[in-house]
Every structure is written in structure tokens, then in C-alpha cells.
């Protein structure tokens with residue numbers, strides 16, 4: 001039986017710059033997902049239809065409903081926190 005064991009990130013707090021990075025990464029997560037769907041033949045549709053391969057989420061990140069953006073943000077934040085918890089530093093070169 002599979003028991004998920006994600007990296008413990010409970011002690012990780014992010015500064016404002018890293019939070020801004022997470023939003024950029026969330027947009028990238030969406031774009032990567034969208035490219036994958038399009039390669040699989042999915043197109044935009046008013047509602048999700050798996051048979052027709054249509055989804056209302058094939059829009060720019062800025063046009064997504066907040067509930068969809070939150071999914072991408074969660075993925076981005078979890079990844080950043082895991083990187084930091086594993087001992088890596090995230091630095092922006094200015």
C-alpha cells in the first residue's frame with residue numbers, strides 16, 4: 001500500500017521575493033500543463049468534456065478562475081519549500 005511521504009516543509013517560511021517567484025512559477029506550471037494538453041489534442045471548451053478533449057482551462061493564467069490558480073500556486077509553493085528544506089538556497093542574481 002502506498003503511503004505518501006512528502007518532504008517536511010512545515011518550518012519553511014518564504015520572504016516576499018520568494019513568494020513573488022512562486023507566482024511566476026505557478027504561471028509556468030499552467031503553461032507547461034497547457035502545452036501538454038494541446039499536444040494531446042485538447043482544445044478550449046466552455047466546460048470540461050473528456051470525450052471531446054475540451055477544457056475551459058486552456059486560457060492564459062491571468063484568465064483562470066482563482067480556484068485553478070490556487071492549484072498551480074500550491075504546486076509551485078510546495079516545490080520551492082521542498083528545495084529549501086533539502087538545503088538549497090534560492091537567490092536572485094541582480
Nearest 10, in degrees from 0 to 90: the angle of helix 16-39 to the longest Cα principal axis of the chain is 30
Taking Cα pairs under 8 Å and at least six residues apart, what relative contact order does the chain come out at, in percent?
36
Modelled label-to-label distance, residue 88 and residue 67, 7 Å Cα→beta-carbon offset: nm?
3.3
Evaluated at 37 °C with a viscosity of 0.692 mPa s, what Stokes-Einstein diffusion coefficient in µm²/s does the chain have when Rh comes from the Kirkwood expression over alpha-carbon pairs?
217
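For the chain, what does -39500 (n - 2.57) per DSSP helix run (n ≥ 4), summed and divided by total residues, give at 222 nm, in deg cm²/dmol to the nearest 500?
-16500 deg cm²/dmol, from helical runs alone.
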For helix 66-85, what angle does its Cα long axis make with the longest principal axis of the chain, in degrees from 0 to 90 and rounded to 10?
30
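Values in this text are rule-based calculations from the coordinates and carry no lab data. These figures come from a predicted structure and were not determined experimentally. When we count neighbours, we look across all protein chains shown, and the Cβ atoms used for this are built from the backbone with ideal geometry, even at glycine.
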